[in-house]
Every structure is written in C-alpha cells, then in structure tokens.
Amino acid sequence: MVKQVAIIGGGIVGATAAFYLSFLQGNENIHVTLFDEGTGQATKAAAGIISPWLSKRRNKRWYALAKRGAELYPTLVHDAQLSTQAYQQTGTIVTRKNHDDLLALYHEAKIKEQHTSAMGQVELLSAEAVKRRLPLLTDAPEGIFVSGGARIDGGHFVSELLKRASDNNLLIKHERVSLTQNGDLHTSEGQKHFDTVIIATGAWMHESLQPLGLNVKVRPQKGQLIDLTVKMPHKWQNMPVMMPEGSSDIIPFNGGKLVIGATHENDEGFDLSPQPAAKQQLLDNASVFINTLTAAQVSDMRVGTRAYTEDFAPFFGAVPAQPNYLIGGGLGSSGLTPGPMIGYFLAQAVFGREITHWQDYTLPVSQYVD
Ligand SMILES: Cc1cc2nc3c(=O)[nH]c(=O)nc-3n(C[C@H](O)[C@H](O)[C@H](O)COP(=O)(O)OP(=O)(O)OC[C@H]3O[C@@H](n4cnc5c(N)ncnc54)[C@H](O)[C@@H]3O)c2cc1C
C-alpha cells in the first residue's frame with residue numbers, strides 16, 4: 001500500500017527530506033505532499049556559507065552534525081543534479097583580528113585537516129595572497145583558506161531540490177496548513193489524513209505543534225542581509241567567501257552579485273521589515289575591506305527568521321509518544337550546514353530505518369518539547 005506523507009515547511013530541512021523521499025530505495029511506495037507558505041523562510045534569506053570546521057562553537061554534537069552536513073553537500077548536489085547557481089565549492093577565508101590568534105587557529109585547522117577530508121586543503125595566506133584570491137578587496141587582511149568551504153543560494157537550492165522530487169513522487173502546495181487536535185491537517189481543500197507528517201517549520205515550530213498540546217522551545221531571531229550589484233571583471237570567477245572575525249561575511253557570486261550579511265536581532269519576533277540602520281551597518285562593515293561600495297549598489301535586502309533553542313543546537317526525531325510525527329528544527333544561524341543531514345535522517349525514519357548514532361548529533365527531542 002502506498003504511504004501518504006505530508007511535509008510542512010519547504011526550507012532546507014523540508015526540501016531535503018522531500019528529495020530523499022523521492023530518491024532513496026522504497027520511494028515507489030510513498031507519496032509526498034509538501035505544504036510551504038514561504039513567508040520569512042530562513043533558507044531563502046540566508047547568506048549561504050557552508051564551512052563549519054573553524055567555528056568558535058564548542059558544542060560537540062552540533063559540530064558532528066554540521067561536519068556531516070558539509071560532507072553530504074557534494075553528494076546531494078550530484079544526486080539531485082543541482083546547478084552551480086545553487087551550490088559552488090569556492091573555498092572560504094577565515095580571518096582573525098590578532099595575528100597570534102590567526103596562527104593558533106591555523107595550527108588547529110592543520111590538525112583537523114588530517115582527518116577531515118571534506119575540508120580540502122588548509123593554507124595560511126598573507127594579505128597579498130588573500131587579495132589575489134579576492135581581487136574585489138581594496139584592504140585585504142591575512143587569513144586562512146579552507147578549500148572545501150562552499151556557498152549556496154538557499155532559494156535556488158531548495159527550488160531545484162523540490163523540482164527533482166516533483167518529477168517523481170512529490171506534490172507541492174504553496175499554502176499555510178495547521179494540525180488538528182487529532183493530528184490531521186487543515187488544508188485549503190479540507191481536512192486530510194496522512195500516515196506520517198514531517199514538521200519542518202523552522203521558527204514557526206512552536207505554533208505548528210500547539211494543536212497536539214505540545215510546547216516546542218524555539219524562539220525567533222530576525223536576520224537581515226544585503227545583495228549588491230558590483231562590477232566584476234569576467235576573470236573574477238569562483239571567488240571564495242570571506243568570514244572576517246566579528247564582522248559581516250562577504251559572499252561574492254559569479255556575474256556581479258555580492259552578498260553581505262547578516263544581522264542577528266533577538267527582540268523583534270517575526271518582524272520582516274528591512275531596517276535602513278541595518279543596511280548601513282552591513283555596508284560599513286564590508287567597506288572596511290572594500291572601500292568602493294556605495295548604497296546605490298544595494299539591489300535587495302533580504303530578511304528571514306531563524307529558529308533558536310536554549311542550547312543553540314538543532315534537534316530532530318519523532319515527537320515523544322507519537323512516532324508518526326517527525327520534527328527537525330532549531331537550526332539557528334548556521335543551519336544550512338546541518339540542514340540536509342537532518343532532512344536525510346527524517347526521510348530514513350519515514351522508510352522505517354533506524355537512525356544510527358543519532359545521540360552523537362542531538363539530544364533527545366524531549367529536551368526541546370514539553
Ligand atoms: C539572514 C540569514 C543568514 C543566514 N546565513 C546562513 C549561512 O550563511 N550559513 C548557514 O549555514 N546558515 C545560515 N542561516 C541559517 C539558516 O538559513 C537556517 O538555520 C535554515 O535555513 C533553517 O531551515 P529550516 O528548514 O529549519 O527553516 P526555514 O528555512 O525557515 O523553512 C521553514 C518553512 O516553513 C514554512 N512554514 C512555517 N509554518 C508553516 C505552515 N503552518 N504551513 C506551511 N508552511 C509553513 C515557512 O514559511 C518556511 O518556508 C542564515 C539565516 C538567516 C535568516
């Protein structure tokens with residue numbers, strides 16, 4: 001019998017789960033409907049940096065999950081035949097304000113490099129060498145180059161994934177849905193029952209699970225970034241992402257798009273209005289390294305809502321005592337990195353396959369859901 005699966009939320013978690021449900025063995029026995037309203041989606045507002053290895057975070061489970069996420073990207077991109085517009089491995093350059101801190105980080109990175117093949121090569125670069133890799137910088141700092149780092153265009157990434165899945169067993173509905181008290185879905189076509197429901201609603205997870213009497217401990221955080229159109233000579237292709245310490249990231253895309261981001265506002269709830277002060281701050285931050293930028297080059301300002309948990313770590317698995325409701329959320333400010341791994345694990349759970357060693361990656365869901 002064909003199993004009817006619903007996914008609520010079409011960000012990185014929901015879209016990857018949908019892709020794997022269409023791709024992994026057993027997909028012929030599954031039909032998937034994905035409901036995504038889309039407003040405030042963090043995935044399409046994101047800067048898109050995939051480079052977890054030199055993060056200052058010390059949460060071991062987060063790092064194990066993010067590391068596997070970064071490793072999964074090239075395979076996922078290959079399996080789903082995604083374009084270079086969606087994903088590109090350009091490398092990342094990480095900086096430190098203090099030279100000794102940079103050297104210490106470099107030594108740490110060289111040790112990690114030996115047993116982390118997805119990092120690729122690690123190199124210590126002088127300011128001149130950084131400028132050669134990122135010719136658009138006018139004032140380049142010294143830095144550490146990690147060749148395995150990548151950037152994604154979140155909006156493109158999920159729409160290409162969903163397109164692949166909809167060529168197979170996925171139906172997409174662009175609408176807001178809600179659970180009923182008995183666990184069915186309220187949709188625009190009436191109340192519907194599904195055998196399994198994946199809830200991947202990001203910052204809206206608390207609201208999504210309230211009808212089941214559950215309190216999910218996630219809070220919203222506003223994030224803003226700016227897109228600029230910059231004149232880039234044709235030979236400036238595949239420039240790495242720059243991640244300056246304590247400042248905004250600089251993400252160059254081929255063809256003249258430059259992304260600067262992002263802000264982190266904890267006290268603005270689900271507000272999605274772009275703020276002129278944030279725009280100016282992002283421009284000022286980037287101008288330290290590119291002194292030719294002007295406000296007239298800003299072509300767009302994107303705003304999204306991230307989901308945070310108390311321990312800043314994501315969670316995934318079945319809702320306690322309700323195995324047909326699977327959740328994945330709380331991804332925070334670097335959630336694109338572990339996101340595909342969570343989507344993959346949730347798809348495996350739908351196929352009834354055990355998620356081995358999940359304790360290495362997350363605390364039990366009951367820590368995040370009352
Ligand atoms: C400005 C910014 C910059 C970022 N930069 C990076 C970065 O460089 N690298 C990185 O790794 N991470 C980054 N992140 C974080 C990352 O984007 C998020 O952690 C991740 O995308 C969250 O994915 P998600 O699938 O959990 O949620 P989302 O992407 O938010 O998707 C949830 C979806 O569910 C939908 N939804 C909610 N409720 C319902 C409902 N009832 N019915 C139907 N649909 C519903 C929403 O509309 C939304 O489309 C950034 C985030 C922001 C905001």
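The values are calculated or read from the model by the stated rules, or taken from the named source; none is laboratory data. Note that the coordinates shown come from a computational prediction; the quantities given were computed from them, not determined experimentally. A quick note on method: Cβ atoms are made from the backbone with ideal geometry, for glycine too, and the neighbour counts reach across all protein chains shown. All accessible areas refer to the heavy atoms of the entire protein, side chains included, with ligands and DNA or RNA removed. Shrake-Rupley method; radii C 1.70, N 1.55, O 1.52, S 1.80 Å.
Points to keep in mind about this one:
- The mean sequence separation of alpha-carbon pairs under 8 Å and at least six residues apart, normalised by the residue count of the chain, gives a relative contact order of 25 percent.
- Bridge type composition, the chain - antiparallel percent by DSSP, nearest 5: 70
- Between Ile144, Ile30, Ile93, the GNM of the chain built on Cα springs shorter than 10 angstrom shows Ile30 fluctuating the most.
- At an R0 of 51 angstrom, the distance between the Cβ atoms of Asp139 and Asp360 translates into a FRET efficiency of 0.75.
- With eigenvalues of the C-alpha gyration tensor scaled by 5 and rooted, the range 66-170, Å: 32, 17, 9
- Percent RCO, i.e. relative contact order, over the range 153-225, from Cα pairs under 8 Å lying at least 6 residues apart: 19
- Protein accessible area in the chain, 1.4 Å probe - carbon and sulfur %: 50
- Under 23 Å, Cα to Cα: Lys pairs in the range 1-141, sequence gap 8 or more or different chains: 13
- Cα-based helix-to-principal-axis angle, 12-23 vs the chain, degrees rounded to 10: 60
- Per residue, in Å², the accessible surface of the chain once ligands and nucleic acids are set aside, probe 1.4 Å: 43
- In a fully extended conformation the segment linking Thr180 and Tyr63 would gain 38.5 nm over its present Cα-Cα distance, using 0.36 nm per residue.
- Top of Ala295, Ala109, Ala42 by mean-square fluctuation, Gaussian network on the chain, Cα under 10 Å: Ala295
- Rounded to whole Å, the principal axis extents of the Cα atoms in the chain read 62, 44, 38, largest first.
- Distance (nanometres) between label positions extended 7 Å along Cα→Cβ at Val288 and Asp311: 3.3
- Spatial separation of Cα centroids for the range 45-105 and the range 336-370, in angstrom: 20
- Count Lys and Arg as plus one, Asp and Glu as minus one, and take only other residues whose Cβ is under 12 Å from that of Leu103; the net charge is then -2.
- Radius 12 Å from Cβ of Asp271, net charge of other residues (Lys, Arg +1; Asp, Glu -1): -2
- Sequence-separation-based contact order of the range 217-310, relative, with Cα cut under 8 Å and 6+ spacing, percent: 45
- The calculated 222 nm mean residue ellipticity attributable to helices in the chain amounts to -8500 deg cm²/dmol, summing -39500 (n - 2.57) over DSSP H runs of n ≥ 4 and dividing by all residues.
- Here, the range 1-133 has an Rg and a Dmax of 18.8, 63 Å when only alpha carbons are counted.
- Loop-exposed GluC sites (Glu not before Pro) per DSSP, neighbour cap 16 Cβ within 10 angstrom, longest uninterrupted part of the chain: 38-174
- Net charge in the neighbourhood of Met301 (other residues with Cβ under 10 Å of its Cβ; Lys, Arg +1, Asp, Glu -1) is 0.
- Looking at the range 227-309, the trypsin sites (Lys or Arg not before Pro) that sit in a DSSP loop and have at most 14 other Cβ atoms within 10 Å of their own Cβ are Lys231, Lys235.
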